[in-house]
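Written below as structure tokens is the structure these notes are about.
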Amino acid sequence: MTRLELKSTTIKEIEEMQGKNMLVIISNGQIKMAELPKFGIVEIICHDEKVTFVEEKRKIKF
């Protein structure tokens, strides 16, 4: 099970990822991206118009 991993990135690297399912966040002068998980919920938490946390949640059906 892979976890969501945010990495600093550039516009050029984002362009190279065309065709993939990625999450790109631009906040407070930073650009970060991550591959989306195969399933799950990704929440972005903001405070004072800035991203403060990115959470990945998973539910497992019994």
Across region 21-62, the tally of residues that are of a type in the set (Lys, Arg), more than 13 Å from the chain's Cα centre (by Cα) and surrounded by 10 or more Cβ atoms within 10 Å (Cβ to Cβ) stands at 2
Which of the residues that make up region 7-20 are closer than 22 Å to residue 52 by Cα and open to solvent by 80 Å² or more (accessible area, probe 1.4 Å)? 7, 8, 11
When you check residue 39 against the structure, is it without any contact (Cβ under 8 Å) to a residue 40 or more places away in the chain, among the aromatic types (Phe, Trp, Tyr) and over 18 Å from residue 3 (Cα atoms), yes or no? no
What's the number of the only condition in (1) in contact (Cβ under 8 Å) with a residue 12 or more places away in the chain; (2) assigned to a strand (DSSP E or B); (3) open to solvent by less than 70 Å² (accessible area, probe 1.4 Å); (4) out of contact with any helix residue (DSSP H, G or I) (no Cβ under 8 Å at 6 or more places or on another chain) that residue 4 fails to meet? (2)
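The values are calculated or read from the model by the stated rules, or taken from the named source; none is laboratory data. The structure presented is a predicted model; accordingly, all values stated were derived computationally and were not measured. Because the Cβ atoms are built from the backbone with ideal geometry, glycine has one as well, and the counts that use them run over all protein chains shown. Each accessible area value is taken on the protein alone, full model and side chains, heavy atoms only, with ligands, DNA and RNA left out. Shrake-Rupley method; radii C 1.70, N 1.55, O 1.52, S 1.80 Å.
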